[in-house]
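Here is the structure we will look at, set down as structure tokens.
The values are calculated or read from the model by the stated rules, or taken from the named source; none is laboratory data. The structure displayed is predicted, hence computed values, not measured ones. Here the Cβ positions follow ideal geometry from the backbone for every residue, glycine too, while neighbour counts run over all protein chains shown. Each accessible area value is taken on the protein alone, full model and side chains, heavy atoms only, with ligands, DNA and RNA left out. Shrake-Rupley method; radii C 1.70, N 1.55, O 1.52, S 1.80 Å.
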Amino acid sequence: MNNYGILKSGTDIRGRAIASEGKAAILTEQAVRDLASAFALWIVRRMDKPRCKIAIARDSRLTSEGFARAIVAELKYAGLEIFDCGVFSTPAAYMVTQFPSMFADGSIMITASHHPRDINGLKFFTAEGGVNSEQLDEIIELAVNGEKMERLSTSTVIRRDFLRLYCDSLTEMIRKGTGLFLPLKGMKIAVDAGHGVGGFFAKRVIEPLGGNIAPSQYLEPNGNFPAHAPNPEDADAMQSLKNRVISTGADLGIIFDADADRCAVVTADGTEVNRCRLIALAAAMVLPDHQGATIVTDSVTTEGLRRFIENHGGVQKRFKRGYRNVIDEAKRLCDEGVDAPLAIESSGHAAFADHYFLDDGAYLIAKILIVMSGLRKKGLTLNDLIADLEVPLEERDIRLSFTCENWRDVAEKIITRLTAMSERMLRLSDDNYEGVRAYVSHADGYFIVRTSVHDPVLPIYIESNKAGGALKIMRLLYSFLNGFVGVDCTPLYELIAEAEQEQAIAQQAAAEDETAESDYAAETDEAYETADEYADETEEAYEAADEHATETDDVYEEAPDDITEPVEQNEWTDDFATETGEEYEDADGYAEQSDEGETAYGEFAEQEYEPYESEQPETVDTEE
């Protein structure tokens, strides 16, 4: 009996499909055949009809094409109608259950999302959406028990360009939302598919709408994923797109994960809009039409995001990590009459109530393009929609790997003991649904420690609004976690060492600045002392000048007493005027004599100059 239960990962099937790292493949071709046949049997019984329609789609992974052929072969004589969709996105694999020309009863998507090349998996869909955890258990049990479809008749296998239906629905949606046939005309858009399946969005959605896709990169499917991890949460992937947007002058950058059910964007100025920024953007787009609505998110979100949603007229509900958990909670709220138009994870899974609550990266991008078109008419950008989102002063995102086989048991022990410690020493969050979210008052921040849904890792998120606060929280967690066997705390230790070094450098720089300021202050004090001495000397000079002015005033006051004979002085003035008049008469006589002299001198000058002018030599031609 095969233990296919070990392949269960949340609501998906996932496992090593290529032997690597000294470990054998566990998701084998036989396992895929058994699980696909069990799903087909489950669908037939669920629909209560013998000839059901089953769609088979795949991503670009190295093993996906082989797995697809194996499934078609397995179901060849099951009497089914099979749609062989080829390279597809996960959201499109669900939409084939909704398109009138297909109306598939079930769909199998071969993918492992953003995981490395050696991992693969299966996703199962019905017209109601992806199967939940309980339904997946039923399918696995059928496979384990060896129950399969009976050999009734030959199945009909149909191979067409089914992706065209999905692409046409997106272009029609954007045209309708903008009221324009070519709403992207004049826009340069960089699409980064990471060599997954998302390249179709550039060539079959953006380009038909008039967009320039020349800045795009890594559009061709390649299961080795040579450029970077096909993951909107990956720092290197986001940096790659950011560099592309800036270097090409693109108006927008778009990135998908390997199966295009998640996304993120980069704005024209290089701002990375993923994680909480993406949640804020999506919330800002729906809340104007849904005031008072509840936005369901996962637990790994910031306090700033909560305030942002509230300031825009909404209510945030943090729920358990896992896109199916978030989506199912939003559905439950809607069933109870609560307006919950959006369910979104910080990983980039976003599901809207008006789109079957399907986590669809391309659909979210289509909505963003519609909003962006409207903003451009107003001279605004996407950044303006989330300008009031508060960003923490410090944040850290850490993933510690488990080094043991029973990692889930170790993870459960860590969460239990950390919860108890936090209750005694810290303050636990009131709205946390998984792991531990505790506030550390002396660091003005909090941490989230949880267990990964799919992988043997312990994700840790830290946020602080105090310089050095993240370092204090990391030290606290390291002292606690380092005592557990089976978890590698090296990444946390290295981050602490790096933060301590940065802190030491900052403190040294601050000390140098303080010393420089002290030296400047001492020099300034000396200058002030010199200035004071100068001021004292100046004041003494002014006092001496005042004394001199006083003496001068005394002299002026005594001067009128010296003029004792004013009448005689007037007589003297009259005598001076008389003498001056006589002198003027003498001067006139002298002038007349001078005029006669000048006349005589002029006649003499004429006599002198005439011989000089007559004796001027003739011009000589020097060249001869």
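Tabulated values for the structure
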quantity: Fully extended contour minus Cα-Cα distance, from N224 to E172, at 0.36 nm per residue; calculated: 15.4 nm
quantity: Pairwise centroid distance, computed over Cα atoms, of region 176-201 with region 316-394, Å; calculated: 19
quantity: Stretch gain in nm, segment K413-E494, where the contour uses 0.36 nm per residue and the Cα spacing is subtracted; calculated: 26.8 nm
quantity: Area of F103 that stays accessible when all protein chains are in place (1.4 Å probe, Å², to 10); calculated: 100
quantity: Share of carbon and sulfur in the accessible heavy-atom surface of region 74-207 [1.4 Å probe, %]; calculated: 50
quantity: Net charge contributed by nearby residues that have their C-beta within less than 15 Å of P208 (K/R +1, D/E -1); calculated: +2
quantity: Inter-part distance where region 223-295 and region 1-50 are each reduced to a Cα centre, Å; calculated: 32
quantity: Cross-link partners of K331 among lysines (Cα-Cα below 29 Å; sequence separation of 8 or more within a chain); calculated: K8, K49, K53, K123, K176, K317, K320, K367
quantity: Sites matching trypsin sites (Lys or Arg not before Pro) across region 51-125 that sit in DSSP coil, with at most 16 neighbouring C-beta atoms within 10 Å; calculated: R51, K76
quantity: Two-site FRET efficiency, R475 against V144, from Cβ-Cβ distance with R₀ of 45 Å, rounded to 0.05; calculated: 0.45
quantity: Sparse-neighbourhood loop sites, GluC sites (Glu not before Pro) in region 301-340 - DSSP loop, at most 11 other Cβ within 10 angstrom; calculated: E336
quantity: Within region 370-421, trypsin sites (Lys or Arg not before Pro) in DSSP loop having at most 15 other beta-carbon neighbours inside 10 Å; calculated: K378
quantity: Estimated vicinal HN-Hα couplings, Hz - region 384-394 in sequence order (Karplus 6.51, -1.76, 1.60; Gly, Pro = x); calculated: 5, 5, 10, 4, 8, 6, 6, 9, x, 5, 9
quantity: Sites V338 and R51 - FRET efficiency at Förster radius 41 Å, r taken between beta-carbons, to 0.05; calculated: 0.55
quantity: Cβ-based net charge around T156, under 13 Å, with every Lys or Arg adding one and every Asp or Glu removing one; calculated: +3
quantity: Förster radius 60 Å - calculated FRET efficiency between D513 and E81 (Cβ-Cβ, nearest 0.05); calculated: 0.20
quantity: Segment N482-D431, extension gain: residue separation times 0.36 nm, minus the distance between their alpha carbons; calculated: 15.6 nm
quantity: Neighbour net charge for L333 - beta-carbon separation under 11 angstrom, K R +1, D E -1; calculated: -2
